[in-house]
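Taking it in order: structure first as structure tokens, then the write-up.
The values are calculated or read from the model by the stated rules, or taken from the named source; none is laboratory data. These numbers come from a predicted model, not from an experiment. FYI the Cβ positions are ideal-geometry reconstructions off the backbone, even for glycines, and counts take in every protein chain you see.
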């Protein structure tokens, strides 16, 4: 890392969530970004209503120590302008430029939900830069399903300003199990997750940060919705990087069929099927996810960097 890029790595082996974001100057423009941990590089890509904070949360929930997680705000989220990349191809170019600015030659990509299409494109466009792919609860082809009620509620909160956001954040703090009913429909699994000493606080953090700076998350989210509703088409058989696919069987936001089709088309791809898992499976099945992700990253990390 170079100080001239306005970016310093976290000097910690474990993962924490209190790193402030910085602006990294790239050829395309400034990218808001944070770094967690040390080791081989892993680019963490968030989904809808996200930003660097949710990318960091993805790394801390599904990732394991021993790696450096680069967690940017994707175009249209928080401090990264949508003009830097609307399409998967443009966003993949931005990730390449971000790695260049940070002096990182190769990275794995861990992407969730709406971050998946640009992760696939990065592996296709820059195979020499990508040493692995972890695709979680995501898409590779068009999905024209109905938008979840949560999205309409979030847009309503944006329209009526900070008051609604503050009210919903307060309710989530007071009754986290009730706030999780839409994302975890099974009452037994929901109670177990909310009360878990590690997964529970991470889930509550997601509920809290989603309502922070909400207007700065809408443009990117609407762009993601437009992309996944369009005719996405990737030559998946050409992906050279090792791939791990993580998906729940009861995911209504990104149907499990997407994962099965992706695994069938990408040579050598591994599929971790989470029985009963929904779109929030990295919380409800965290132990299983981390064990498999940790093994996958450990096996495929560049040997020189790992040593």
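Things to note:
Table: residues versus (1) outside any helix (DSSP H, G or I); (2) more than 15 Å from residue 75 (Cα to Cα); (3) assigned by TED's automatic domain parsing to the domain that holds residue 255.
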| position | (1), (2), (3) |
| --- | --- |
| 91 | no, no, yes |
| 95 | no, no, yes |
| 99 | no, yes, yes |
| 105 | yes, yes, yes |
| 108 | yes, yes, yes |
| 118 | no, no, yes |
| 123 | no, yes, yes |
| 132 | yes, yes, yes |
| 135 | yes, yes, yes |
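- All positions within the range 74-100 that are in contact with a helix residue (DSSP H, G or I) (Cβ under 7 Å, 6 or more places away or on another chain) and farther than 16 Å from residue 122 by Cα: 76, 77, 78, 82
- Flag for residue 253 being more than 23 Å from residue 205 (Cβ to Cβ) and either surrounded by fewer than 19 Cβ atoms within 10 Å (Cβ to Cβ) or assigned by TED's automatic domain parsing to the domain that holds residue 134 (or both): no
- In the range 219-235, residue modelled with the highest pLDDT [restricted to those that are buried (at least 18 other Cβ atoms within 10 Å of the Cβ) and touching a strand residue (DSSP E or B) at 6+ places or on another chain (Cβ under 9 Å)]: 220
- Lone qualifier among 111, 92, 107, 123 - being within 27 Å of residue 269 (Cβ to Cβ), crowded, with 21+ Cβ neighbours inside 10 Å and within 12 Å of the chain's Cα centre (by Cα): 111
- Test for residue 198: is it exposed (fewer than 14 other Cβ atoms within 10 Å of the Cβ), at pLDDT 95 or above and not assigned by TED's automatic domain parsing to the domain that holds residue 82: yes
- Given (1) touching a strand residue (DSSP E or B) at 6+ places or on another chain (Cβ under 9 Å); (2) closer than 28 Å to residue 252 by Cβ, index of the condition residue 87 fails: (1)
- Helices (runs of 4 or more DSSP H) fully within the range 199-307 that include at least 3 residues being closer than 21 Å to residue 59 by Cβ and touching a helix residue (DSSP H, G or I) at 6+ places or on another chain (Cβ under 9 Å): 199-209, 218-228, 281-284, 286-300.
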